[in-house]
Amino acid sequence: MSRPTKITIDLNALRHNFGCVRSLTGGSSIIAMVKSNGYGHGLVRVAEALPETDAFGVACLEEGRLLRKAKIKNPVVLMEGLFDTTEINQAAAGNFTLVVHQFEQVTMLESISHLKNPLTIWLKIDTGMHRLGFSPSDARRAYQRLSNCVAVRKPIGFMTHFAQSEAEDKSFTTDQIKIFNEVTKDLIGPKSLANSGGIMAWPSSHQDWVRPGIILYGASPFVGRTGPNHGLKPVMSLSSSLIAIHDLQQGDRVGYGGTWTCPASMRVGVIAVGYGDGYPRNAENGTPILVNGKICPLVGRVSMDMITVDLRSQSTAKVGDPVLLWGDGVPVEKVAEFSGTTAYELLTGITRRVHVFESH
Ligand SMILES: *Cc1c(COP(=O)(O)O)cnc(C)c1O
């Protein structure tokens, strides 16, 4: 038997979550975000499971091409747009939609005097995140120039991105929506603001197109909440099994650096998963692990290939018993909380050696 470390991708859960987005947003069209290998779930796998989506969102041309190679016909939006002029013909050939977020990209598009199939574009406006987009004062000038490009299909869409849509404090997002609405108020074209946080907490931001990412995969964008709290189902589960069990004495230290000392004589289990698989190295003592369906705490430092677990509540556990690191019963958000990171990072961080299975 091979190393038991694997992820299982539940495509029914994915479709369930997509349905939740549909019912939350009513008439809005959906750009299902599948960048970074579908948040670690498999780009093509996720896309093939959501044929009814109105578009897919990826970061770049290379990701878009993988979708076209797999015969995915839906519109595909390149969220970072063009990196250089040579990408224009390739974008047209793949029928990709571009986000245009800076004047360098406008200049690239202006350099094209003929394009058989003009490109659909979204003009990105920076309403306060200060990552990508034209400032509100530059947006009109960018719009005018793009309107004159033969390479650009009309109407042009308008997009912004929220910096704090998941935050308790509502003031920042309120301002972002206000700025966006002001800048675009007399401009004709589709509008798109909402990421997962916007979809769940800001109905006024839904408008024409929404861009769900993390909620499609069944995790919550809100600190202290989990996907199942919102009726979402986790899509990925990471599992493995016990590969060794030791009876240790009070005072024995476990793992690299001896960061955990047995407070009593006890059983400690070894599980075949580590940071070499994408399990977070910063996971602290106490991080929940499901062993034989029961929560047990992580003890000691996470190694590349292994972790150790407190089995005091499992007197009959044996080598080969099943372990769930995250999934149904151990929210990935909880593991993230114990590791100083987010569900986003954990889901996208699974490494290549982990076996992948699908359930339907
Ligand atoms: C990744 C991304 C999203 C999705 O964000 P979530 O928080 O995962 O919903 C939406 N819009 C843009 C532009 C993105 O890059």
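The values are calculated or read from the model by the stated rules, or taken from the named source; none is laboratory data. These numbers come from a predicted model, not from an experiment. Cβ placement follows ideal geometry from the backbone for every residue including glycine, while neighbour counts extend to all protein chains displayed. When the accessible area is computed, the model is the full protein with side chains, heavy atoms only, and any ligands, DNA or RNA have been set aside. Shrake-Rupley method; radii C 1.70, N 1.55, O 1.52, S 1.80 Å.
The Cβ shell under 13 Å around ASP138 holds other residues with a net charge of +2, Lys and Arg each +1, Asp and Glu each -1. Listed by chain and number, the aspartates and glutamates whose C-alpha is less than 16 Å from the C-alpha of LYS318, apart from same-chain residues fewer than 8 away, are ASP247, ASP310. Each of THR127, THR86 has its accessible area taken with a 1.4 Å probe; listed largest first, they run THR86, THR127.
Each residue was assigned an accessible area with a 1.4 Å probe, and for SER315 the value is about 100 Å². All other residues whose Cβ lies under 12 angstrom from that of VAL291 are scored, Lys and Arg at +1 and Asp and Glu at -1, for a net of +2. Magnitude of the charge dipole for the chain, about its Cα centre and with charges confined to Cβ atoms of Lys, Arg (+1) and Asp, Glu (-1), is about 660 debye.
A 1.4 Å probe, protein heavy atoms only, puts the accessible area of TRP260 near 40 Å². Modelled label positions at MET304 and VAL319, each set 7 Å beyond Cα in the direction of Cβ, lie 2.3 nm from each other.
Pairs of Cα atoms nearer than 8 Å and 6+ residues apart set the relative contact order; for the chain it is 18 percent.
Here the Gaussian network model covers the chain, with springs between Cα atoms less than 10 Å apart; of ILE295, ILE215, ILE121, ILE295 fluctuates the most. Look at the dipole of the chain built from charges on Cβ: of GLY197, SER240, PRO51, the Cα furthest out on the positive end belongs to PRO51. Extension gain for the segment ASP328 to PHE83, taken as residue separation times 0.36 nm less the Cα-Cα distance, is 84.2 nm to one decimal. Measuring between alpha carbons in the structure, the pairs from LYS73/LYS154; LYS154/LYS191; LYS35/LYS178 lying more than 18 angstrom apart are LYS73/LYS154; LYS35/LYS178. Rounded to the nearest 20 debye, the dipole size of region 243-360 about its Cα centre is 240 debye, using +1 on the Cβ of Lys and Arg and -1 on the Cβ of Asp and Glu. For TYR39, the accessible area of its heavy atoms, probed at 1.4 Å with every protein chain present, is near 20 square angstrom. The GNM of the chain, with springs linking C-alpha atoms under 10 angstrom apart, assigns the highest mean-square fluctuation among LEU311, LEU346, LEU248 to LEU248. In region 193-309, carbon and sulfur make up what percent of the accessible area (probe 1.4 Å)? Carbon with sulfur: 49 percent of the solvent-accessible area.
Among complete DSSP H helices in the chain, those whose alpha-carbon atoms stretch at least 18 Å along the helix's long axis and whose mean Kyte-Doolittle hydropathy reaches 0.0 are 11-25.
Where a ≥ b ≥ c are the square roots of the eigenvalues of the C-alpha gyration tensor, would you call region 219-360 rounded, which needs a/c under 1.5, or, failing that, prolate if a/b is larger than b/c, or oblate?
Prolate.
Solvent-accessible area per residue for the chain at a 1.4 Å probe radius, Å²?
On the way: 15840 Å² over 360 residues.
Spelled out: the 1.4 Å probe surface of the chain, per residue, equals 44 Å².
Helix-only estimate, please: 222 nm mean residue ellipticity of the chain, summing -39500 (n - 2.57) across DSSP H runs of length 4 or more and dividing by its residues, to the nearest 500.
-7500 deg cm²/dmol
Give, as a single signed number, the net charge of other residues whose beta carbon lies under 11 Å from the beta carbon of THR341, with Lys and Arg counted +1 and Asp and Glu -1.
Counting the neighbours of THR341, the net charge comes to -2.
Springs join every pair of Cα atoms under 10 Å in this Gaussian network model of the chain, and among GLY276, GLY197, GLY255 the largest mean-square fluctuation is at GLY255. Ordered from highest to lowest accessible area with the whole protein assembly present and a 1.4 Å probe, LYS191, LYS318, LYS116 read as LYS116, LYS318, LYS191.
Magnitude of the charge dipole for region 256-320, about its Cα centre and with charges confined to Cβ atoms of Lys, Arg (+1) and Asp, Glu (-1), is about 200 debye.
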